[in-house]
Structure formats: structure tokens, C-alpha cells
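Participant: If you scroll down you'll find the structure; I have some questions about it.
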């Protein structure tokens, strides 16, 4: 059994690949931005991680989106709808949760085939 850890640190790895499946969680870097822009920022990170591993967003299997404020659901969905590929949407759930950095409006966890 092979587990590939990408940029492992003491508490986490940037991503993990096992059985040709990639696991990744992204948080925004643009902390002063609104939910729409933060979502776009995280989705761009997902694109980069997938590309680096020879995959892309058409290979998404599952996405869990955490929103600090449920009122940001429409803004997040607008960014998501602009990004996701028609006919290749993953299973997805969105939950409201207190995120560990109060500047985060969104956090996205994905599973994708590579």
C-alpha cells in the first residue's frame, strides 16, 4: 500500500494520494475578501493541486464546503457554479461551521481521482 503525502508538515500534508485518489483541503489566502472572492481563491488552489498531480476538476468525486456564515451560501454558489464543469459535478455538501481562523469565510475539502 502506497500513500503519497505532498508537502507533509508536523500537523498536516498539503494533499494525500492513495489508490489514485487525491484528498485536499483548501483555505483562502485573500483574507480581506468577501465569500465570493474567497471561494474563487480556494477553487483556484484546487485547480493548481489537481494539475500538479496530473488531474483536473472533471475528476472531482466529492466536495465538502464549510461556510462560516450561512448567509454567504449564494455568493459561494455563484463562484462554484462559474467554476464547476457541467456534467462533472461531484457529490457535494455545504455546512455552516465556525472556522478556526475568523477571517476565513469558506473552507473546501475535496476528493478527486488522479
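Participant: Take residue 76 and tell me if it is at pLDDT below 95 and not in a strand (DSSP E or B). Reasoning before the result, please.
Facilitator: Working: at pLDDT below 95: no; not in a strand (DSSP E or B): yes.
No.
Participant: Could you pull out the residue among 6, 108, 61 that is in contact with a strand residue (DSSP E or B) (Cβ under 6 Å, 6 or more places away or on another chain) and surrounded by 16 or more Cβ atoms within 10 Å (Cβ to Cβ)?
Facilitator: 108
Participant: Next question, about the same structure. So which residues in segment 85-96 are touching a residue at least 12 places away in the same chain (Cβ under 8 Å), outside any strand (DSSP E or B) and either out of contact with any strand residue (DSSP E or B) (no Cβ under 8 Å at 6 or more places or on another chain) or surrounded by fewer than 14 Cβ atoms within 10 Å (Cβ to Cβ) (or both)?
Facilitator: 85, 88
Participant: For residue 23, indicate whether it is modelled with pLDDT of 95 or more and either in contact with a helix residue (DSSP H, G or I) (Cβ under 7 Å, 6 or more places away or on another chain) or assigned to a loop (DSSP other than H, G, I, E, B) (or both).
Facilitator: Numbers: modelled with pLDDT of 95 or more: yes; either in contact with a helix residue (DSSP H, G or I) (Cβ under 7 Å, 6 or more places away or on another chain) or assigned to a loop (DSSP other than H, G, I, E, B) (or both): no.
No; evaluated as a whole, the condition is false for this residue.
Condition check ((1) closer than 16 Å to residue 109 by Cα; (2) in a strand (DSSP E or B)) across all residues:
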{"site": "30", "(1), (2)": "no, no"}
{"site": "44", "(1), (2)": "yes, no"}
{"site": "47", "(1), (2)": "yes, no"}
{"site": "62", "(1), (2)": "yes, yes"}
{"site": "71", "(1), (2)": "no, no"}
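The values are calculated or read from the model by the stated rules, or taken from the named source; none is laboratory data. These numbers come from a predicted model, not from an experiment. Neighbour counts are summed over all protein chains in view; Cβ atoms, including those assigned to glycine, are modelled from backbone coordinates with ideal geometry.
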